[in-house]
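The values are calculated or read from the model by the stated rules, or taken from the named source; none is laboratory data. None of the values given here were measured: they were computed from a predicted structure. Quick reminder, even Gly has a Cβ in these numbers, built from the backbone with ideal geometry, and neighbours come from all protein chains shown. Each accessible area value is taken on the protein alone, full model and side chains, heavy atoms only, with ligands, DNA and RNA left out. Shrake-Rupley method; radii C 1.70, N 1.55, O 1.52, S 1.80 Å.
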Amino acid sequence: MRPLEGITVVSLEHAIAAPFATRQLADLGARVIKVERPGTGDFARAYDERVNGLASHFVWTNRSKESIALDLKSEAGVEALRRLVAKADVLVQNLAPGATARMGFDGPTLAERHPQLIVCEISGFGQDGPDRDRKAYDLLIQAESGFLSVTGTPDEVVKAGCSIADIAAGMYAYTNILAALIERGRTGKGRHIDVSMLEAMAEWMGFPLYYAFEGAPQPPRTGAAHATIYPYGPFETADGVVLFGIQNEREWASFCDKVLGLPTLIANPLFATNSARSTNRAALAETIAAVLGKLPTAQVIDALDGANIANAPVNDMAGLWSHRQLAARQRWREVGTQAGAVPALLPPGRDDARMDPVPAPGEHSARILAEIGMAPDADA
């Protein structure tokens, strides 16, 4: 039996943050009923057509759910939602701020009607405050949270290659819902959870925040190199690039001796501590390049492995699809879609996760409406 079997989640969700949170609840066995617009459904369904004609974001975040199409501008649609919520353990929503309140489905209102219900609201800036009503897309929150100011090169800011602000908010929604379920088991009472994308990203920015404590200069943008630890990042070889990181003085000594073949460098006062190496990184980079730039990548990796220095190749998506470790640990499964089965990764930490199909828009409408005593042809 999976941990959340018997738990019902109703989700007014679109895009990434809420769907990612609820998919993880579904992974653990919860029944997730996804409320979608009639006809088009979640607008993330139309982001692209890369997975046999289906959208890559949608396939990733919506397996193991049931889809019901409801027109929430109609009385029948709102009534159907009322009946669903009355039977639910958790309501999740990431609609525009104020949208659920206008329908009577905001946290405070629902707490009076259903004191045992857990309500999780996800938004860009939170359910109150001066910025509550501002639109918030992933890239905009990456900018507002300061993430872009420390990501990129000295000449250009660079966004994360995945929806990191949405993912951060989705993870905090997921973990807060799990905590609220435990709390409800003790107290019998639900909880209102208010997750802000900005606050989620601000938490993840903890290191650069404290590095810039009391007006100190913040970490510079250094591309794929670490801003404050050196050497740590990409280094050119004779035929490519390898990434490696030196975390402590033991590793520094091993690197100088076994990789560079320059044991006298270990005690050089310019490089004797991490702070010194980071301050004098330009000079150290020249020394490293003079050695590694003459060696093939395979030989550099062998030397790094021999010195017990952590290193990695720069994989692309094809490399990730075929990663030997994922295959060896049997992390791949298949999930169904309306366009056929596709591979999907098991969630980290579990090998018994629910891996049911990605639903078509409104695929389960008739059955769910019947469960709540409404005719399948109700004008919902």
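The table below gives the values:
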item	result
Residue-count net charge about H323 - beta-carbon cut-off 15 Å; Lys, Arg +1, Asp, Glu -1	+2
Dipole of segment 58-150 [Lys/Arg +1, Asp/Glu -1 at C-beta], most positive-end residue of A111, T61, V92	T61
Selected from L12, L369, L304 as most flexible by GNM, with the chain as the system and alpha-carbon contacts under 10 Å	L304
Sparsely packed trypsin sites (Lys or Arg not before Pro) within segment 184-229, loop by DSSP, other Cβ within 10 Å at most 14	K189
Sequence-distant lysines (8 or more away, or on other chains) whose Cα lies within less than 19 Å of K294	K258
Accessible area of the chain divided out per residue, in Å², using a probe of 1.4 angstrom	50
Nearby lysines by direct alpha-carbon distance to K34 (threshold 26 angstrom, same-chain neighbours under 8 apart not counted)	K65, K73, K87, K135, K189
Largest-first ordering by accessible area, 1.4 Å probe, given options L262, L25	L262, L25
Contact order normalised by residue count of segment 240-289, Cα under 8 Å, 6+ apart, percent	22
Within a Gaussian network of the chain (alpha carbon springs, distance under 10 Å), most fluctuating of S145, S365, S278	S278
Apportionment of accessible area to carbon and sulfur, the chain, percent (1.4 Å)	55
Highest-fluctuation residue, D305, D352, D71 considered, GNM on the chain with Cα pairs under 10 Å	D305
Antiparallel content of DSSP bridges confined to the chain, in %, to 5	40
Under-5 Å amide H pairs with Q116, H placed in peptide plane, nonlocal only	G190
Segment 301-369 versus segment 44-101: alpha-carbon centroid distance in Å	24
Within the chain: Cβ-based charge dipole about Cα centre, in debye rounded to nearest 20 (Lys, Arg +1; Asp, Glu -1)	660
Selected from N248, I193, A224, residue furthest toward positive end of dipole (segment 182-298; charges at beta carbon)	I193
Furthest towards positive pole of dipole, V342, Q299, L326, structure part segment 285-358, Cβ charges	V342
Part-to-part distance (alpha-carbon centres) for segment 141-164 and segment 116-135, which is given in Å	24
Rel. contact order, % - alpha carbon contacts under 8 angstrom, at least six apart, segment 7-165	20
